[in-house]
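Structure, as structure tokens:
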Amino acid sequence: MKPHYPILDGLRGTAAILVVIYHLFEAYYGGITANHPMRHGYLAVDFFYLLSGFVVGYAYDDRWGRMTIKEFFKIRLTRLHPLVILGVIIGTIGFLYDPYTASARHIDIYKLLLTMVISFTLLPSPDIRGWGETHSLDGPCWSLLQEYIANFVYALFGRKMTKAVLWVIITIGAIALTITSCWHGDLGTGWGYDTFWIAVVRMTYPFFAGLLLYRTGRLIRMPSAYAVCSLLLIVLFFMPTGRYTGIYEALCIIFAFPVLVSMGAGGTVSGWLGKVCRFSGEISYPIYITHYPFIYIYTAWIGEKKPSAAQVLPVACGLFVLFILLAWAAYRLYDLPVRAWLKRVWLTNK
């Protein structure tokens, strides 16, 4: 029987919660600025990719003798797409009823519906918000599109790649990542039409590094791995910025994140910490994909009303609690039942 990696579930939740905190800070500090306390919080996306590469290898590498490529895609769509649909629906409703954004009151309803339908497919859609986003109803969908691309490449080619080939790919990916990060100054990009290519660069190294890490089986055994890895993620994300931000972020992805995943996969957890890991893992994807429509409104409120820090704090804390509750409800009341139904009606290889 395959081993389970509960600490990786917990770390996925840690990273997702840090993304939420990052976005709450970002709205107040006006984007990615030196004053932002969690300056590198967007690197959680790259951490997700590395986790995903490891988990995809773990879950599917030994199933190809009894699973077709079509069945693999159906399994992955069943796992990922229900929450994409929910996130886009929440984003559409939020856009329509946003009291602080003028464009929401003047947009052609047919253009909004077209954007929603295209967004359901996860393909880039019209930028109706004016931010230049490829997914303007639910911003984090840009990274899910890269996840789908990674899964597509894995199913067609990655499942057959030798370790030597994977080493070549991640070496090229690491060089491209480092050059891009140093050229741009950081890796807080890839979500817009003008930087779509950077999204591909950000996905390539960590996903295939995670896949190689699984196949090599080089795990680090250490006590209290969940707590240690979570603390290290927090430290890495809160490090100050400076002249070498680009190289720092590239090094985090290329070296630090594989070590953290190796430590997480090699560690054990039980008792109440095991329950924390399970809960954290359960809400990780729902909170990531459902919180951002509210961030749009929260950002617009700050931009229009110019509230003080004392006024923003209770709103931000309230939103954080709301995001946790919404993620739990989305997982329990929507995601689990929908996935169970999809498994019954269209999956033959479950």
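None of the figures in this text is laboratory data; all of them are computed from the coordinates on show. Small disclaimer: the values here were computed from a predicted structure and weren't measured. Here Cβ is always computed from backbone atoms with ideal geometry, including for glycine, and neighbour counts include all displayed protein chains.
Under the membrane-span-like helix rule (DSSP H runs whose alpha carbons stretch at least 20 Å along the helix axis, mean Kyte-Doolittle hydropathy 0.5 or higher), the chain yields 6-29, 44-60, 69-96, 141-156, 163-184, 196-216, 309-329.
The alpha-carbon atoms of region 6-346 define a convex hull whose volume equals 139 cubic angstrom per residue. Look at where the Cα atoms of region 214-251 and of region 259-306 average out, and the two centres are 17 Å apart.
Counting Cα-Cα pairs of region 99-176 in 10 Å increments starting at 0 gives whole-percent bin shares of 16, 34, 22, 17, 9, 2. Here the dipole of region 6-346 is about 1040 debye; that uses its Cα centre as origin and unit charges on the Cβ of Lys and Arg (positive) and Asp and Glu (negative). The alpha carbon centroids of region 72-108 and region 14-63 are separated by 20 Å. Each principal axis of the Cα cloud of region 98-252 was taken in turn, and the coordinate range along them, longest first, works out to 56, 40, 34 Å. Largest GNM mean-square fluctuation across Val259, Val321, Val117, computed for the chain with C-alpha springs under 10 Å, falls on Val321.
Counting lysine pairs in the chain whose alpha carbons fall under 27 angstrom apart, excluding pairs fewer than 8 residues apart on the same chain, gives 19. Between Tyr193 and Ile118, the modelled labels are 0.8 nm apart [label points 7 Å from Cα along Cα→Cβ]. Rounded to the nearest 500, the 222 nm mean residue ellipticity of the chain from helices alone is -23000 deg cm²/dmol, with -39,500 (n - 2.57) taken per DSSP H run of at least 4 residues.
Calculate the tail of P(r) for region 289-350: the fraction of all Cα-Cα distances greater than 18 Å, expressed in %. Here the long-distance tail beyond 18 Å is 53 percent of all Cα pairs in region 289-350. Please say if region 1-119 is rounded, prolate or oblate, where rounded means a/c under 1.5 for a ≥ b ≥ c the square roots of the C-alpha gyration tensor eigenvalues, and otherwise the choice is prolate for a/b larger than b/c and oblate otherwise? Here region 1-119 falls in the oblate category. Placing a pseudo-label 7 Å from each Cα along the Cα-to-Cβ vector at Cys317 and Met222 gives an inter-label distance of 3.3 nm. Sorting the segments 15-22, 250-257, 68-75 by their residues' average number of neighbouring beta-carbon atoms within 10 angstrom, most packed first, yields 15-22, 250-257, 68-75.
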